[in-house]
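Written below as structure tokens is the structure these notes are about.
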Amino acid sequence: MLPENLQLPGGRYPITYPKLLLVEGQDAFQFFKALLQHLDLLDKIEIRNYGGVTDWAAYLNTLKVTSGFASVTSIGIVRDAEANASSAFESVCDGLKQAGLHVPSQPGSMTSGRPRIAVFILPDCESSGMLETLCLRAVENDPGTLCVAEYFACLQRKGLSLPTNMPKAQVHAFLASRPKADLLLGQAAHAGYWPWHSQAFDRLKQFLRAL
């Protein structure tokens, strides 16, 4: 079982697994915990929440001196593209280079050497967006998604301003259509609200299996 304190950013808790998955935030931590459990990888990959890292080199240098790092064989880093997937990837790669770690040639690819390193930029290593964008793609054929679209169209017709972060707002609206309507994205993953069989998750699942 993963120690619960790994979901707290900034800690230097000892590394216990040879494979690391570094994710951005509490929701991402819970989402990936549920996904790894679905893939039967939860006892092989250690998830760590890096929080809102702005200095990748500093974070990675701290990770390198964390107890247990010498036994690490592979590291997967996942972050949101936000407005630009290429810029997000370059930001992580600059930090890897400054920290003296191997730098992947492109998003989703794995380096050689030890530890092997791969970077996945959500939602698909190419498009702008975030974890919420990926989850919305997975439920695009769900009847509730049509209702979400109609809800925001209604807001516009009434002259109301739309949220600044539409993917997050759309996820909240979609989850309000589920039996337990007050869950966050990560909690919803544990509740089975994100369909792991969706092709939207295929590339991400391939990335995780390759670690």
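Each value in this text was obtained by applying a stated rule to the coordinates, not by laboratory testing. All figures in this text were calculated on a predicted structure; none of them were measured in a lab. FYI the Cβ positions are ideal-geometry reconstructions off the backbone, even for glycines, and counts take in every protein chain you see.
Observations on the structure shown:
- Gaussian network model of the chain, Cα within-10 Å springs - most flexible of GLN26, GLN170, GLN37: GLN37
- Sorted by Cβ neighbour density within 10 Å, fewest at the top, the residues HIS102, HIS197: HIS197, HIS102
- When each of LYS44/LYS64; LYS19/LYS180; LYS168/LYS205; LYS19/LYS97 is checked by Cα-Cα distance, pairs over 31 Å: LYS19/LYS180
- Sorted by Cβ density within 10 Å, fewest first, the residues THR54, THR73: THR54, THR73
- Helix-only [θ]222 nm of the chain, DSSP H runs n ≥ 4, -39500 (n - 2.57) each, per residue, nearest 500: -11500 deg cm²/dmol
- Highest-fluctuation residue, SER105, SER161, SER86 considered, GNM on the chain with Cα pairs under 10 Å: SER161
- The dipole here belongs to region 77-198: it is taken about the Cα centre, uses +1 on the Cβ of Lys and Arg and -1 on the Cβ of Asp and Glu, and is about 220 debye.
- For region 105-211, the set of trypsin sites (Lys or Arg not before Pro) satisfying both a DSSP loop assignment and a count of at most 16 other C-beta atoms within 10 Å is given as LYS158, LYS180.
- Extension gain, ARG12 to THR54, is 13.4 nm, computed as 0.36 nm per intervening residue step minus the present C-alpha separation.
- The trypsin sites (Lys or Arg not before Pro) of region 6-81 meeting both criteria, a DSSP state outside H, G, I, E and B (loop) and at most 11 other C-beta atoms within 10 angstrom of the site's C-beta, are ARG12.
- Label reach from SER198 (point 7 Å along Cα→C-beta): in region 119-142, amide nitrogens under 18 Å belong to 121-142.
- Placing dummy labels 7 Å off each Cα toward the beta-carbon, the span from ASN61 to GLU90 is 2.3 nm.
- Residue of GLU132, GLU24, GLU140 that the Gaussian network model of the chain assigns the largest fluctuation, springs spanning Cα pairs under 10 Å: GLU140
- Least to most buried among LEU63, LEU20, LEU160 (fewest other Cβ within 10 Å first): LEU160, LEU63, LEU20
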